[in-house]
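Just so it is clear, none of the values below were taken in a lab; they were calculated from the coordinates. This is a predicted model, so every value here is computed, not measured. With ideal geometry, Cβ positions are generated from the backbone for all residues, glycine too; neighbour counts draw on all protein chains shown.
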Amino acid sequence: MDKHPIRFGVQTGQQNIEWEQLRSFWGKVDGWGYDSLWVFDHFYPIFVPDPAGPCLEGWTLLSALSQNTKRARIGALVNGNTYRHPSLTAKMAATLDVMSGGRLNLGLGAGWFEAEHRSLGFDFKTVGGRLQALDESCQIIKGMLTQEKTTLKGKHYNVVDAVCNPKPIQKSLPLMIGGHGEKVLLKIVAKYADMWNMGNADAAEMKRLIGVIERHGDTVGRNTDEIEKTLMLTLCYKAPKQREETLSSIVGMMTQTTPQLARERMIIGSKQECLDKIEAYTNAGVTHFIFMYNPMLTAEEDIQAFAEDILPQFNSR
C-alpha cells in the first residue's frame, strides 16, 4: 500500500461513439481528477454483435487524446500483441511517451478476439503460441525501451541490434499485462509486468489470483509486491434502483453469473457501499480501479459524482 497508492481511472471503448464526444469526455475526466484514462485496442466493436459498426483505431486515437489531457496517465487496456511486431510497439510507445510528457502506461496482452484476427488477416496462433509470443515481446519491448541495442532470436520474433531512439521520457515506462491464465500468463506477469490488469472479478478472486502471481514470483525470483494490481469493473454510483438492476443483469450476462453475484464485481450503490467495496478490494491487494465507460450503459453523471464525492478522500492520503 505504501508503494502503490489507491488510484482510479476510466476506460472508454471507442465503438459507436463520435470523436468529438470522446475528446470532450476525456477532457472532463482529466479535469475531474481521475488518475488514468484508457482506450481499448480493437478494430471491430466488441460489446455489440455487429462487427461492421464504427470503431476508431486505438493507437491513433490515444495519440490524439493525449494532446487533450494534461495530468492523467494514459494507455490501452490492453494492446493485442498479435496485431503488431514488438519492435514497432516499442517505437510507438516511446514516441507517445514523449508526446504525452511521460504519461504512458503500455498495456499488452496475448490477444483473444479470433473473429477479428481471421477477418483482418492477423495470425491468431495457438494459445501456447500467443503466450510464447507475448513472452518474447516483453523481452524485446523492455529491452528496446531501456537499452542501446536489443537482440533476441526467438520462436516468433528475431531482432538484431534493434535500436529505439529517442527513448521514453520515463526511465522505466510501466508495462501492464492483462489476463488471468494461471499457469503461463500470470507467470509472464510475475517476470515482466509493472502493472497487472484483471476484469470483472470479486475481491476473493482477486486475492486468490494475486496469490498465484506471488507464487510465480517466488519461482522466477521476483518480489511481486512491485507490481501494481489493477481491476477494470463497472461503476454505478448512487443511481436509481432500475439502473442498478439493469447494469447488474448486464454484468451478470457478461460474467455468466447471477445479477446478485455480479453486484459483487461492481462498484455500485451508495457512497458507503462503494467505500466498503473499495476497502474489500484493497484488502485483497488491488490498488488501481478502472471504470468502464460506455455511454449506452454508464452514466457520465455517475463518473463525475464519484470523482466529487470519493476521489478527494484518497487524493489527500
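Here are a few things to note about the model shown:
- Taking every DSSP beta bridge that has both ends in region 20-169, the antiparallel portion is near 25%.
- The phi torsions of region 286-302, fed into the Karplus equation with coefficients 6.51, -1.76 and 1.60 and a -60° offset, translate into couplings of 7, 10, 10, 10, 10, 8, 6, 10, 10, x, 7, 10, 9, 8, 4, 5, 5 Hz, rounded to whole numbers, with Gly and Pro shown as x.
- Amide H to amide H distances under 5 Å link Val78 with Asp41, where only residues 5 or more positions off or on other chains count and H is placed in the peptide plane.
- The angle between the Cα long axis of helix 241-255 and the longest principal axis of the Cα atoms of the chain comes to about 30 degrees, rounded to the nearest 10.
- Anisotropy class of region 64-161 from Cα gyration tensor, a/c 1.5 cut: oblate
- For the chain, the longest principal axis of the C-alpha atoms and the axis of helix 271-284 are separated by about 30°.
- Spatially proximal aspartates and glutamates relative to Lys153 (Cα-Cα < 14 Å; intrachain offsets below 8 disregarded): Asp135, Glu136, Asp161
- More than 23 angstrom apart: percent of Cα pairs within the chain: 57 percent
- Over the chain: helical MRE at 222 nm, DSSP H runs n ≥ 4 each giving -39500 (n - 2.57), nearest 500: -13500 deg cm²/dmol
- Cut-off under 5 Å, modelled amide H: who pairs with Val10 long-range: Ser36, Leu37, Trp38, Phe291
- Between helix 86-99 and the chain: long-axis angle, C-alpha atoms, 0 to 90°, nearest 10: 60 degrees
- Label sites at Ser270 and Thr255, each approximated as a point 7 angstrom past Cα along Cα to Cβ, lie 2.2 nm apart.
- Three-way shape label, region 111-218, alpha-carbon gyration tensor, a/c 1.5: oblate
- Förster radius 25 Å - calculated FRET efficiency between Ala204 and Asn294 (Cβ-Cβ, nearest 0.05): 0.40
- Residues whose amide H lies under 5 Å from that of Ala193, counting only those 5 or more places away or on a different chain, are absent; hydrogens are built 1.01 Å from N in the peptide plane.
- Restricted to Cα atoms, region 11-127 shows a radius of gyration and a Dmax of 14.4, 43 angstrom.
- Most to least packed among 254-263, 54-63, 99-108 [average Cβ atoms within 10 Å]: 99-108, 54-63, 254-263
- In this label model, Thr60 and Phe47 are separated by 2.2 nm, measuring between points 7 Å along each Cα→Cβ vector.
- Prolate/oblate/rounded label for region 187-317 (Cα gyration tensor, a/c 1.5): prolate
- Region 39-69-region 122-158 distance, computed between alpha-carbon centres (Å): 24 Å
- Rounded to 5, percent antiparallel among DSSP beta bridges of the chain: 10 percent
- The simple spin-label model puts a point 7 Å past each Cα toward its Cβ; for Asn68 and Trp112 those points are separated by 2.7 nm.
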